[in-house]
1. Kindly evaluate Gly454 against the criterion of being assigned to a strand (DSSP E or B) and exposed (fewer than 13 other Cβ atoms within 10 Å of the Cβ).
2. Mind counting the residues in segment 557-610 that are modelled with pLDDT under 80, at positive phi, open to solvent by 50 Å² or more (accessible area, probe 1.4 Å) and not polar (S, T, N, Q)?
3. Is at least one residue of segment 778-797 modelled with pLDDT of 90 or more, part of a helix (DSSP H, G or I) and under 35 Å from the mean Cα position of the chain (by Cα)?
4. What pairs come up if the first residue lies in segment 60-78 and is under 11 Å from Leu759 (Cα atoms), the second is open to solvent by less than 50 Å² (accessible area, probe 1.4 Å) and among the polar types (S, T, N, Q), and their beta carbons are under 8 Å apart, counting only those six or more places apart or on different chains?
5. Only one of (1) modelled with pLDDT under 90; (2) in contact with a Gly (Cβ under 9 Å, 6 or more places away or on another chain); (3) buried (at least 22 other Cβ atoms within 10 Å of the Cβ) fails for Cys757. Which number is that?
6. Criterion first (touching a residue at least 60 places away in the same chain (Cβ under 8 Å) and assigned to a helix (DSSP H, G or I)) does Leu843 satisfy it?
7. I need a count of the residues in segment 846-903 that are within 20 Å of Val188 (Cβ to Cβ), in a helix (DSSP H, G or I) and of a type outside the set (Val, Ile, Thr).
8. Can you tell me which residues in segment 714-765 are among the charged types (D, E, K, R) and closer than 30 Å to Leu894 by Cβ?
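The values are calculated or read from the model by the stated rules, or taken from the named source; none is laboratory data. Because the structure is predicted, anything quoted here is derived from the model rather than measured. Reconstructed Cβ throughout: ideal geometry from the backbone, glycine too, with neighbour counts over all protein chains shown. Each accessible area value is taken on the protein alone, full model and side chains, heavy atoms only, with ligands, DNA and RNA left out. Shrake-Rupley method; radii C 1.70, N 1.55, O 1.52, S 1.80 Å.
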Amino acid sequence: MATTTNFRPRLAMGTFVLLSVALSMTTASVTNGASSPSNRSIHSAGQHADTKCQDGLILPVWQPEDNLTTGDRIARGLVYFFALMYLFIGVSIVSDRFMAAIEVITSKEKEVRVKKPGGEEQIVVVRVWNETVANLTLMALGSSAPEILLSIIEIVAKNFKAGDLGPGTIVGSAAYNLFVIMAICVLVIPDGEVRKIKHLRVFFVTATWSVFAYIWLYLILAQITPGRVDMWEGFLTFLFFPATVVTAYIADRRLLVYKYISKQYRMNKRGMIVQVEAESALEMDNRDDRLNTIDENGGVTEDVRDFEESRREYISTLRDLRKKYPQHDLEQLEIMAQEQLMNKGPKSRAFYRVQATRKMMGSGNIMRKISERAQSDLSEVKAELQRVDVEETIAEDAACRVFFEPGHYTVMESVGEFEVRVVRRGDLSCSVTVDYETEDGSAEAGSDYIGKQGTLTFPPGVDEQRFQIQVIDDDVFEQDEHFYIKLSNPSEPASLATPKIATVMILDDDHSGIFAITSKDHELVESVGTYEVKVQRYSGARGKVRVPYWTEDGTAKAGKDYEANSGELIFENNEITKVISLFITEEGSYEKDVLFYVNLGEPQQIGGIIEAAEGKAPEELTEEDKMALLGRPKAGDVVRAQLRIKESKEFKNTVDKLVQRANASILIGTSSWKEQFVEALTVSAGDDDGEKGEGDEEPTPSCMDYIMHFITLFWKIIFAFIPPTDMSGGYLCFVVSIFCIGVVTAIIGDVASHFGCTLGIKDSVTAIIFVALGTSIPDTFASKVAAIQDKYADASVGNVTGSNAVNVFLGIGVAWTIAACYHSYHGRSFDVEPGTLAFSVTLFCSEALVAILVLMVRRNKRIGGELGGPKKAKIVTSIFLFSLWIVYLLISSLEAYGIIKGF
């Protein structure tokens, strides 16, 4: 967050510099009015002297406005300026609630049955909303709602006459998004890393529409009907919005022409699934990848593949964590694996927008909620796998489904045989058979386990069958390995359901073991009585071992807060768990919070060849002795545990478990008004971009977090009254939030207009410099975080072009359609002066084409992607893109004041 912290003052400084430039140009225009090339510009520049400011839709003009001195105008301008900044904060916070509602709505999931070519059925969970459609509709509306609503509200406030503030803000915001946000995203990627746009077809489509949108504005303003906008023009502008969504969806799903091209799916050398025309067979180069089954049934095929890939990624992550943390038990490793997968998984534009806003406003980093949720989510998953819910019994005519329960087994190498369970659900009235067969992974049949195949028969009324698999135990040190058990060929009317493949992980035990306490930190209430600290034996369980232990005082004192304890734990051969029992004294004290410690000594082998070898001199050791010493017991990482004794009270139960587990909406959504008000009144640390290491303390809020919290407290409390996202599936929150955004945006429009009028700054200049910047700052931080955390550039840069197009088609299309209809009903035409807007649009289009071309050039082999790359290339690209924005601001402002001749 160092970059974020330094970025705020730069923005503020830049704003004041631009304010000074605008004021200087205004003064120069007024002073040299006689020599100005445009009478229109002279009048506009001196409007505060010749024209009275008009009341806004909500806020009246600050009275009195006659005979004001220069000092009075500057003082009022500063008041308006800071009010504008505070309103920008408010609209960012209410947009936070709006985006949370959108995330909950668009993350809804449903179960889909997928039929494979062999007649198999698989049930997968897929998103109801297509990602591209969600990004171009609700997501784009969420991030651009202030600009869109400002354009519509300005039309209403001006009695359906054209204004400069709304359209100017849309064009200015587009320029800022395309030039400044992209410049920042290119620069913040670590040196040497790159981010590429994944959905390049969608990017090309939205980029084309974004440029066309502003070309279309120029055409209707200056060419087709100069100075006038007809109803058909406004309505057609709006219709381009669904056209953008449809064409982007076609590009995303590869419909129309692509649909009729025969395709073959295969696995390339890099492990990526690619397509080749003219064939239909699926080829896999890796035996693990044969588990994938991909057909051509359209949309849900990719979700089936994603399910299989996620399963393999989970296994890989779990194996890596076991090597890194051998002292952890399996349940802890599973929690850590789930947390890592959630962290690395793709996140929506709404997620990053909400995360950026909350970190800026002292409301904490929502990424930290992932670790808070991981443990409870995992427990819930395991409970669902082991629970047979009678209420879910399918009717007699429902399909019969056969699958493994559970789908993952973890066994020690010395287990001998273990039992595998296959169940069926649905119709139990008929007899069903299903084949099973083992398949190698990193473990090989014959050397690591006994391969097996056979047929299971389910007689009528029987809902489960079990069979045994034998694991081969040897005396060779090996890495943890895995293999698979696969179901196939179910008899009619049964079909296979997920999981139809069970994964078996074999943990090597040819070692005396590593001994450690399972958890470094323990928190317990003083009324617990006897508390057990678990000591675990990892990475082997060979032989008899003694482990000494003892307690040690901290702020808690033996005899007062707990009873001292010391002794030895004796682990028998193949025994992997022991506990140390500690008696806690209950005093009944208020807000008790004291510490003491439990320590483990060096483990020692009892008897056997290892103890004999340890007693020999080095020169007397045989090869057998040396091998034995390699497997002697060792102390793990956690040999000292901290126990915190707190006062007796009931723990708070978690209530946010109703949303789908893998959804980001569980992180940014809310379930009750109480939760919203607690969050609004709580200061949380937002500067926590790095991963929290083992044993690290929870970060505390910084001084800036407290400052931003108290500055934004008013807005937080006001918008905590918005209904929680769990109500009505997020739709009630959506409606109320957009209404609140409209109210705040209306006030912003009035304040911005009064600000410009007071200081003699034209609305078009106020729009592109101040309003566009203020409404785009949350998107800046969101795109910065997305660029760093995402594997691809879609969430940070790819969505900018689509948002720019949607701004025009909705913001200007709806506003001008309403105004054109109103004037047509009264027998008049809707007049729009092309002047500054047409010039600004033309300038933006020219620079936008250059910026998009630069991004495409960066995909060459020397750089490798739109974002990041070599340090020099990053800096040059960022400076160039930022200079495009500065040129746009300067030339547009000079044209607005008549210094440069426009259209």
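1. Yes.
2. Of the residues in segment 557-610, 3 are modelled with pLDDT under 80, at positive phi, open to solvent by 50 Å² or more (accessible area, probe 1.4 Å) and not polar (S, T, N, Q).
3. no
4. The qualifying pairs are Arg73/Thr758; Arg76/Thr758; Gly77/Thr758.
5. (2)
6. Judged against the criteria, Leu843 is not a match.
7. Of the residues in that region, 13 qualify.
8. Correct list: Asp750, Lys762, Asp763.
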